[in-house]
Amino acid sequence: MPNSTRNKIIVSLTALIIVVLFFFLSKANNNNYLPEQRNTESNCTYNLYAKLTGLNNQNIVAQFPYNDYLEHSNFNNIECLKKDLTDLDSVTKDAMTSQQILATTLTDSLQKRVANVYKIYQPDSLIYLMQWAERFQYYAEIDTKNKILFKVVYDYWMNFISDKLTLFSKETPSIKYAFKFKFLVAKCSERKYNIGLKVTSTEKVIDNLVRSKWGHLFDASWNQASLLQKILLSLLIVTFLYGIYCIILKHFFK
Amino acid sequence: MKKKVLALSFGAFLLLSFSTKFLQKQIYDTKLVQTKTLQLKVVGQNDPNVKEPYAILKMSRKSDRVKVRYFAAKSYDGTMVGSRYSSWSANKNVIAISSGTYMDLCDASIAKPMGLCIDDGNIVNNKIENTYGGIVVVYATGGMVASAIEKGDLNITNSKTHSKMTIDVRNQFQKQAFIDWAKEEKATVFQTHLFVYKDSLRLIENPNERMKNAPRRFLAVCKEEDGTVSHYIVNLPRASTLYQGVVKAKEYLKNIEDVTQIVFMINLDPGCQNFYNVHNSDGSKKLESNFNGDPNLTINQAANLLAYYYE
């Protein structure tokens, strides 16, 4: 092959590799914008007491206006939640039952209402949800009387978010490297909701190489290799050693 | 003269033999703790000559001498599991140590346990992994219980009031009560795969599972014929797939050990943190490879540790 043609091929191949590299680099999600925390409305105009008219401690669990409450009340504000609990207590006559009803509203019922939003990976929605859920941990610290309710709501949504992150990373493994995903995983980890992200075999090999775990790398590869793979590897090693032997023979023992 | 020297030598030999016998330390009663290695026919293989090793550690809980302690993660101040274990074990008769449940990473310095985890009353991970199926409680007093999450029948006891509670950790209110109980009792809780529960196999064979000759290790708590409870660590260095490993361990316990009931059998993870050591009754480490995990790992690289000790 003439030199000029060979040079052209080499230059073209190099250019192609650079173009492909830039294509993938441009696809990398480096968007580091984070949604800002929303302010909490202070008005507690929802009149739960009026909505509970006619209910008693026998039928309140079945007939509580779960959807109406989620539609119109201000359940972001601790003062409103405390007022609603007082209204509930007037019917249930039991603080624990009142907390359980409100907990069901703010967990199961709320999840049914927002389920569609979290069917696909939308990191901003998950960040907003986490910002909302985090408030409940602080509420539990300042309101010891209703601590259990706030802890339950907080724990429920943190589990929900971490489960969703696990699911989304299984569906689309590449999101593991996106900024917002890593942010959410780090936040969950900080809050002690550890997410075990599925690591591919290639990622495991790279990780072991980086950490110089040669012994484990060899053990794991050897244990998992089939007989055919072991024979092929042995043949490769024999061929390689024979090549070295030939080179030494040719150059040093002419 | 020659006779005298011979008689004296013989006397000295006898004296030395007896004195070393008396001086030998016994860290556990060999009636309660036994080890054995068997070469058994490979399940599913037609050739009876093809065999594989089963390394068995059997520990009877009779008279509560054998106890268990679990180090779930590095402590809040950053002390690594290896260091925690070393300080704790300084005055303990350790029978065996093994890696316990799954961690999110292989590097022990940053690895965190998967599934709900409480270490000595301190929360390490709040997230429940429903897919694991099992939840294990290790009491500060050295006992251990496990439950199938979906059954919602985890029984716990308040050590002060002796009152009993049945917990369903899927219920948010009961989960909070359980966490509060664990904090108060300084209990250790972890999650792992529960493969056998009350004699029932809880694993379905995955036809796509490719793993071959991978080591498997299981902890089984069994009821014996005489009503006592024994803990078995079944180490299968070449167990093939996970399903086959579980079946082999279950069949071994039921057919060869002849246990009355496998109360539960959980997975001990021999992945990248494959740590396993068993001690002889004189306190020395068993050197047989079937009673050891990854020889490249040191105690400082352990991400979590399950320790059996004798008191």
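The values are calculated or read from the model by the stated rules, or taken from the named source; none is laboratory data. Quick caveat, the model's predicted, so the values are computed rather than measured. Every residue, glycine among them, receives a Cβ derived from its backbone with ideal geometry; neighbour counts consider all protein chains shown. Just so you know, the surface numbers come from the protein's heavy atoms only, side chains and all, with ligands and any DNA or RNA stripped out. Shrake-Rupley method; radii C 1.70, N 1.55, O 1.52, S 1.80 Å.
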Among the candidates A:Lys198, A:Lys213, single out the residue that is more than 9 Å from every other protein chain (Cβ to nearest Cβ) and either under 16 Å from B:Ala214 (Cβ atoms) or in contact with a helix residue (DSSP H, G or I) (Cβ under 9 Å, 6 or more places away or on another chain) (or both). A:Lys198
Would you confirm whether any residue within region B:57-71 is closer than 20 Å to B:Phe190 by Cα and free of Cβ contacts under 8 Å to residues at least 12 places away in the same chain? no
If we keep just the residues of region B:277-301 that are within 14 Å of chain A (Cβ to nearest Cβ) and under 15 Å from the mean Cα position of the chain (by Cα), which is modelled with the highest pLDDT? B:Asn292
Condition test on B:Ile233, is it open to solvent by less than 40 Å² (accessible area, probe 1.4 Å), under 15 Å from B:Tyr54 (Cβ atoms) and either aliphatic (A, V, I, L, M) or in a loop (DSSP other than H, G, I, E, B) (or both)? yes
Kindly evaluate A:Thr105 against the criterion of being at pLDDT 95 or above and either of a type in the set (S, T, N, Q) or farther than 30 Å from A:Leu165 by Cα (or both). yes
Here are some residues: B:Val169, B:Val247. Which one is among the aliphatic types (A, V, I, L, M) and without any contact (Cβ under 8 Å) to a residue 60 or more places away in the chain? B:Val169
Considering region B:61-103, residues that are surrounded by 19 or more Cβ atoms within 10 Å (Cβ to Cβ) and within 14 Å of another protein chain (Cβ to nearest Cβ), and then whichever is nearest to B:Leu297 (Cα to Cα), we arrive at B:Ser99
Could you list all residues from region B:120-170 that are basic (Lys, Arg) and within 14 Å of chain A (Cβ to nearest Cβ)? B:Lys127, B:Arg170
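Per-residue answers, yes or no, for (1) touching a Phe, Trp or Tyr at 6+ places or on another chain (Cβ under 8 Å); (2) within 14 Å of A:Leu126 (Cα to Cα); (3) without any contact (Cβ under 8 Å) to a residue 12 or more places away in the chain:
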| residue | (1), (2), (3) |
| --- | --- |
| A:Phe168 | yes, yes, no |
| A:Lys187 | no, yes, no |
| A:Val199 | no, no, yes |
| A:Leu209 | no, no, yes |
| A:Ala225 | no, no, yes |
Positions within region A:102-144 being more than 12 Å from every other protein chain (Cβ to nearest Cβ), β-branched (Val, Ile, Thr) and within 19 Å of A:Lys51 (Cα to Cα), in sequence order: A:Thr105
Odd one out for B:Asn292 among (1) surrounded by fewer than 21 Cβ atoms within 10 Å (Cβ to Cβ); (2) among the polar types (S, T, N, Q); (3) under 26 Å from B:Ala148 (Cβ atoms): (3)
Step by step: first the residues of region B:239-257, then only those that are surrounded by fewer than 16 Cβ atoms within 10 Å (Cβ to Cβ) and of a type outside the set (Asp, Glu), then the one that is nearest to B:Ala96 (Cα to Cα). Which residue is that? B:Ile256
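Every residue, every condition in (1) assigned to a helix (DSSP H, G or I); (2) outside the structural domain of A:Ile78 (by TED's automatic domain parsing); (3) surrounded by 12 or more Cβ atoms within 10 Å (Cβ to Cβ), yes or no:
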{"site": "A:Val152", "(1), (2), (3)": "yes, no, yes"}
{"site": "A:Lys170", "(1), (2), (3)": "yes, no, no"}
{"site": "A:Ser174", "(1), (2), (3)": "yes, no, no"}
{"site": "A:Lys182", "(1), (2), (3)": "yes, no, yes"}
{"site": "A:Cys188", "(1), (2), (3)": "yes, no, yes"}
{"site": "A:His216", "(1), (2), (3)": "yes, yes, yes"}
{"site": "A:Asp219", "(1), (2), (3)": "yes, yes, yes"}
{"site": "A:Trp222", "(1), (2), (3)": "yes, yes, yes"}
{"site": "A:Leu233", "(1), (2), (3)": "yes, yes, yes"}
By residue number, the members of region B:175-214 that are open to solvent by 10 Å² or more (accessible area, probe 1.4 Å), touching a residue at least 60 places away in the same chain (Cβ under 8 Å) and in a loop (DSSP other than H, G, I, E, B) are B:Lys186, B:Lys198, B:Asp199, B:Arg202
